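First up is the structure itself, then whatever we jot down about it.
The values are calculated or read from the model by the stated rules, or taken from the named source; none is laboratory data. None of the values given here were measured: they were computed from a predicted structure. Heads up, the Cβs are rebuilt from the backbone with ideal geometry, glycines too, and the neighbour counts pull from every protein chain shown. These accessible areas exclude ligands, DNA and RNA; they are computed on the full protein's heavy atoms, side chains included. Shrake-Rupley method; radii C 1.70, N 1.55, O 1.52, S 1.80 Å.
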Amino acid sequence: MSKRMTAPTPRWRPSAKPWTPRKYQKKAVKFLFEHGAAALFLDPGLGKTASALAAFSYLKKRGVARKMLVIAPLRVCHAVWPAEVAKWSDFGHLSVGVLHGPKKEAALGADICCINPEGLPWLLERSVKEFDTLCIDELTRFKHAKGQRFKLLKTKLDGFSRRWGLTGTPAPNGLLDLFGQCYVLDQGNAL
């Protein structure tokens, strides 16, 4: 029997480098902060995470947003979100906590809390009232409306004033895969 190993959370050094968005990223940021339910369907490496951070930062600085819950694969929680915050000076005022492992309770104090879908039962048995923004990184993980993670999250959607989704492949197996993804964003208004 082997133990499942998890990589330690890397220590990211803050950068003095400002984020210089490309034209399409500026449109993405504007789209997110103008819409309570929105998705970014961009290929990997095109800056979905930085765009979401910029939109959240903009809203937070204006007192419109308080805290963001990010649901993402565990590797993305540990590596991508903390690295993007540290990479750009524009996001240096934001703290990121990973809700995984023995220190997950303490991580709840961060501005941005990242959790993997398997950790949702632990979080949702508490309260998510402190979070006003939900960002689902790899939105396709919620494509099955009959799946357990979809049903679990569906009961808490009303608590978020903003729900954003990020993915590079929104409909890998056809249009039916879009229903669950759209529902977690707009609670069925579009479909």
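Could you say which residue among Glu125, Glu138 is within 15 Å of the chain's Cα centre (by Cα), charged (D, E, K, R) and open to solvent by 30 Å² or more (accessible area, probe 1.4 Å)? Show your work before the answer.
Details: Glu125 fails: within 15 Å of the chain's Cα centre (by Cα).
The unique qualifying residue is Glu138.
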Of those in the stretch 64-77 that are in a helix (DSSP H, G or I) and open to solvent by 30 Å² or more (accessible area, probe 1.4 Å), the residue farthest from Leu185 (Cα to Cα) is Arg75
Heads up, the helices (runs of 4 or more DSSP H) in the stretch 109-191 (entirely inside) with at least 3 residues that are under 27 Å from Phe91 (Cβ atoms) and out of contact with any helix residue (DSSP H, G or I) (no Cβ under 7 Å at 6 or more places or on another chain) are none
For the stretch 50-61, pairs from a residue that is more than 14 Å from Gly36 (Cα to Cα) to a residue that is in a helix (DSSP H, G or I) and aliphatic (A, V, I, L, M), with Cβ under 6 Å and 6 or more apart or across chains, are Ser51/Ala28; Ser51/Val29; Ala54/Val29
Condition set assigned to a strand (DSSP E or B) and open to solvent by 10 Å² or more (accessible area, probe 1.4 Å), scope the stretch 83-99, selection nearest to Ala16 (Cα to Cα): answer is Val96
Any chance the stretch 23-42 includes a residue that's more than 22 Å from Val184 (Cβ to Cβ), of a type in the set (A, V, I, L, M) and at pLDDT below 95?
no
Subset of the stretch 143-160, residues touching a residue at least 60 places away in the same chain (Cβ under 8 Å) and farther than 16 Å from Phe56 by Cβ, comes to Leu153
When (1) open to solvent by 60 Å² or more (accessible area, probe 1.4 Å); (2) at pLDDT 95 or above are applied to Arg149, the one that fails is (2)
